[in-house]
Structures are given as C-alpha cells and as structure tokens.
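Asks: Please see the structure below; I have some questions.
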Amino acid sequence: MTTDTLLAILHHLLAFGLVGLIMAEWAILRGQPSVDVVARIARIDLFYGICAGLLVVVGTLRVIYGVKGYAFYTGNPVFWLKIAFFALAGLLSIPPTIRFIRWSRAANNGGALPDAAEWLTTRKLIVWELHALAGVMICAALMARGIGH
C-alpha cells in the first residue's frame, strides 16, 4: 500500500469517526441529563478531541506527502475554505467541551446536573458544529473534483 493510500484511508476513517462522535453527542443531548449521561458524553467528547487532533495530523501529512502535492492544496481556495470550516467547528466545540468537563466533575462530586437551558444551548452549539462539518464535507467533495484549482 502506498503512503498516499494509507493517509487517505486514515483521513477518511478519522473524518467519519469525528462525525459519528459528534452525532452521538447530539443524540445524547436530545435526552435528559443524569450522572451516567454526563459521564458518557464527557468520554465521547474526549474521543472526539483525540479524533480531531489525529485528523489534523493525518491531514497535514496528506498535504505534505500525498500524491497531489503541497501546491495542489495551498493554491486551492476551496482547500482554505475547508480549513476555515474545520477551524470553525473546532472553535464551536470549545464551549461544549468546557461544559462537559464541568458537568462531569460536578456529577462525580455530587453536584447539580446542568439545567434545561444550558443543556439546550449546548445542543444548539453541537448543531452549529455539525453545520460547519457539513461545510468541510462539501469542500472535500468539490476538491475531489478539481474545483478551485
């Protein structure tokens, strides 16, 4: 297997894993908070962060060592739009992550669970994050067809 093929496979697995994990967060936030639910969503978010970090690493390696070459990506405005959407998703993920950590710590120490308003606001942030990731996927499809280059 070539390096390019391996990097492409890893990139796609991580990207779909990322979407699956954020969808799991969204689904959990449709229910009611409990100690078990708060612990579960915090674990899922940890894996989401790991997956996102690995995706950045593998994506960078793909730009540097992939068959299309560095110039294909850096000279493509659709690539930079894709990166902007990914960065937006990352920024949108910060408040939920902070909340998940805070909720988990509180639940472990016998503290109060999140109220309905904070739970709903967090769910809305996750939906916006999903929209940003949809932008990433749209840009990826455009790039795969040579659009922007």
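Asks: Is it true that residue 63 is open to solvent by 50 Å² or more (accessible area, probe 1.4 Å) and assigned to a helix (DSSP H, G or I)? So that I can check it myself, show each step before the final result.
Replies: On the way: open to solvent by 50 Å² or more (accessible area, probe 1.4 Å): no; assigned to a helix (DSSP H, G or I): yes.
No; evaluated as a whole, the condition is false for this residue.
Asks: Being touching a Phe, Trp or Tyr at 6+ places or on another chain (Cβ under 8 Å) and either open to solvent by 30 Å² or more (accessible area, probe 1.4 Å) or modelled with pLDDT of 95 or more (or both) narrows it down to one residue among 45, 36; which is it? Step through it out loud before you land on a result.
Replies: Numbers: 36 fails: touching a Phe, Trp or Tyr at 6+ places or on another chain (Cβ under 8 Å).
Going through 45, 36 in turn, the sole match is 45.
Asks: Also, quick follow-up: Give me a count of the residues in the stretch 92-149 that are among the acidic types (Asp, Glu) and surrounded by 12 or more Cβ atoms within 10 Å (Cβ to Cβ). Break it down stepwise before answering.
Replies: Taking the stretch 92-149 and keeping what is among the acidic types (Asp, Glu), we get 115, 118, 129.
Checking the rest, the ones that are also surrounded by 12 or more Cβ atoms within 10 Å (Cβ to Cβ) come to 118, 129.
Total satisfying the criteria: 2.
Asks: Here is a further query. Does the stretch 130-145 contain at least one residue that is among the basic types (Lys, Arg), free of Cβ contacts under 8 Å to residues at least 60 places away in the same chain and closer than 30 Å to residue 69 by Cα?
Replies: Among the residues of the stretch 130-145, at least one is among the basic types (Lys, Arg), free of Cβ contacts under 8 Å to residues at least 60 places away in the same chain and closer than 30 Å to residue 69 by Cα, which makes the answer yes.
Asks: Still on this structure, I have one more. Could you pull out the residue among 27, 89 that is assigned to a helix (DSSP H, G or I), surrounded by 12 or more Cβ atoms within 10 Å (Cβ to Cβ), out of contact with any Gly (no Cβ under 9 Å at 6 or more places or on another chain) and hydrophobic (A, V, I, L, M, F, W, C)? Spell out the reasoning first.
Replies: On the way: 89 fails: out of contact with any Gly (no Cβ under 9 Å at 6 or more places or on another chain).
The unique qualifying residue is 27.
The values are calculated or read from the model by the stated rules, or taken from the named source; none is laboratory data. Predicted, not measured: the structure shown is a model, and the values here were computed from it. Neighbour counts are summed over all protein chains in view; Cβ atoms, including those assigned to glycine, are modelled from backbone coordinates with ideal geometry. Note: accessible area is taken over every heavy atom of the protein model, side chains too, but ligands, DNA and RNA are not part of it. Shrake-Rupley method; radii C 1.70, N 1.55, O 1.52, S 1.80 Å.
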